[in-house]
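Colleague: Have a look at this one before I ask anything.
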Amino acid sequence: MTSGADERAGRRAPVALVTGGASGIGLAIVRRLARDGYAVVATDLPGAERERAASDAGAGFVAADLTREGECAAVVDAAVALAGALDVLVCCAGYQHIDAIPDFPAARWRHMLELMLTAPFLLTKHAWPHLTASGRGRIVHVGSAHSLAASPYKAAYVSAKHGLVGLARTTALEGGPHGLTCNVVAPAYTRTPLVAAQVADQARTRGLAEDAVEREVFLKDVAIKRLLEPEDVAALVAWLVSEEAWGVTGSVHPIDLGWTAR
């Protein structure tokens, strides 16, 4: 997980922990950071396929259920143990549930908020000593265009993604004196398993044929009529965690094809 160039120069590679790092946008971020010379540790739910995906991308792997506080702490400890330090935290773990508010299960609401908002807070809390000691600590939360706008039938997802903005801005203010930055990337619909899995539920709740969902839902409100690719989001994350972005903090970076320009 350490680049040969860094080893030869006597410098350690910067270390990144990526949650949700075994598929979709998270996996694309793992691949990009590994390619850029980071020592990367990916965390995701247990599973041989997930561990293999992380390994193939050049990362270490830690299995965890991030809805449990103890496992958030253990993931940070494991990343430091595997790689020797921690400089970058990228929070990407999440999933979607689509239902109208009267039908939205309260247990599902709680679980989604625990994974997509409470877990990033807990990971930040437990990673704080390492990120501030780094002198160039970076946190990026993978939000969504739903960090800035709402859609029907997504109460928990929209609430969690909005909440990440507040968390990032507070973290930026507290972390600034330590050289720690924190930002949110806000992509539109991206070609991932998470988006593909929404098609049937979007069709059900909106009364559409499944083959109309991409046109009538995913691309309806964007200026550029195409889905993002995970690598597009990874490229923005890679810049935000770079030394070039040292002065960028407390901000939201839409990569939303013009969705929130309206």
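Colleague: Can you say whether residue 120 is part of a helix (DSSP H, G or I), without any contact (Cβ under 8 Å) to a residue 24 or more places away in the chain and either under 19 Å from residue 15 (Cβ atoms) or touching a Phe, Trp or Tyr at 6+ places or on another chain (Cβ under 9 Å) (or both), as far as the supplied structure shows? Steps first, answer last, please.
Modeller: On the way: part of a helix (DSSP H, G or I): yes; without any contact (Cβ under 8 Å) to a residue 24 or more places away in the chain: no; either under 19 Å from residue 15 (Cβ atoms) or touching a Phe, Trp or Tyr at 6+ places or on another chain (Cβ under 9 Å) (or both): yes.
No.
Colleague: Okay, moving on. Going residue by residue through the range 134-151, is there one that turns out to be of a type in the set (Lys, Arg) and closer than 19 Å to residue 254 by Cα? Walk me through how you get there before you give the answer.
Modeller: Kept after step one, since they are of a type in the set (Lys, Arg), are these residues of the range 134-151: 136, 138.
If we keep only those that are closer than 19 Å to residue 254 by Cα as well, we get 138.
Scanning the range 134-151, I find at least one residue that is of a type in the set (Lys, Arg) and closer than 19 Å to residue 254 by Cα, so the answer is yes.
Colleague: Quick one: in the range 193-203, which of the residues that are among the hydrophobic types (A, V, I, L, M, F, W, C) and surrounded by 14 or more Cβ atoms within 10 Å (Cβ to Cβ) is farthest from the chain's Cα centre (by Cα)?
Modeller: Of everything passing the filter in the range 193-203, 203 is farthest from the chain's Cα centre (by Cα).
Colleague: Return the only residue of 17, 33 being in contact with a Ser or Thr (Cβ under 9 Å, 6 or more places away or on another chain) and buried (at least 22 other Cβ atoms within 10 Å of the Cβ).
Modeller: 17
Colleague: Let me ask another. Return the pair list, or none, for Cβ contacts closer than 8 Å from residues in the range 163-181 that are in contact (Cβ under 8 Å) with a residue 24 or more places away in the chain to residues that are of a type in the set (Ser, Thr, Tyr) and part of a strand (DSSP E or B), at least 6 apart or on different chains.
Modeller: 172/181; 175/181
Colleague: So residue 224 ticks every box in (1) in contact (Cβ under 8 Å) with a residue 40 or more places away in the chain; (2) in contact with a Gly (Cβ under 8 Å, 6 or more places away or on another chain) but one. Which box is left unticked?
Modeller: Tallying (1) in contact (Cβ under 8 Å) with a residue 40 or more places away in the chain; (2) in contact with a Gly (Cβ under 8 Å, 6 or more places away or on another chain), residue 224 fails exactly one: (1).
Colleague: Hey, could you check the range 204-245 for residues that are under 20 Å from the mean Cα position of the chain (by Cα) and farther than 17 Å from residue 185 by Cβ and say which is modelled with the lowest pLDDT? Talk me through it step by step, then tell me what you get.
Modeller: Of all residues in the range 204-245, those under 20 Å from the mean Cα position of the chain (by Cα) come to 218, 227-243, 245.
Narrowing the set further to residues that are farther than 17 Å from residue 185 by Cβ leaves 218, 243.
Numbers: 218: 88, 243: 95.
Top of the filtered list is 218.
Colleague: Name the single residue, out of those in the range 152-187 being among the polar types (S, T, N, Q) and part of a helix (DSSP H, G or I), that is surrounded by the fewest Cβ atoms within 10 Å (Cβ to Cβ).
Modeller: The first filter runs over the range 152-187 and keeps only residues among the polar types (S, T, N, Q), leaving 159, 170-171, 181, 183.
Retained after the next criterion (residues that are part of a helix (DSSP H, G or I)): 159, 170-171.
Numbers: 159: 16, 170: 14, 171: 24.
That would be 170.
Colleague: While we're looking at this one, here's another question. Hey, among the residues in the range 188-220 that are in a helix (DSSP H, G or I) and β-branched (Val, Ile, Thr), which one's nearest to residue 234 (Cα to Cα)? Let's see the steps before the verdict.
Modeller: Restricting attention to the range 188-220, the residues satisfying the condition of being in a helix (DSSP H, G or I) are 193-196, 199-206, 210-218.
From what is left, the residues that are β-branched (Val, Ile, Thr) are 195, 199, 205, 213, 217.
On the way: 195: 17, 199: 24, 205: 31, 213: 25, 217: 24 Å.
Of everything passing the filter in the range 188-220, 195 is nearest to residue 234 (Cα to Cα).
Colleague: Does residue 142 satisfy the condition of being within 30 Å of residue 83 (Cβ to Cβ), buried (at least 21 other Cβ atoms within 10 Å of the Cβ) and among the aliphatic types (A, V, I, L, M)?
Modeller: Working: within 30 Å of residue 83 (Cβ to Cβ): yes; buried (at least 21 other Cβ atoms within 10 Å of the Cβ): yes; among the aliphatic types (A, V, I, L, M): yes.
Yes; evaluated as a whole, the condition is true for this residue.
Colleague: Looking only at the range 149-162, which residues are under 16 Å from the mean Cα position of the chain (by Cα) and touching a residue at least 40 places away in the same chain (Cβ under 8 Å)?
Modeller: Those that are under 16 Å from the mean Cα position of the chain (by Cα) and touching a residue at least 40 places away in the same chain (Cβ under 8 Å): 157, 159, 160, 161.
The values are calculated or read from the model by the stated rules, or taken from the named source; none is laboratory data. What you are looking at is a predicted structure, and each value in this text was computed from that prediction instead of being measured. With ideal geometry, Cβ positions are generated from the backbone for all residues, glycine too; neighbour counts draw on all protein chains shown.
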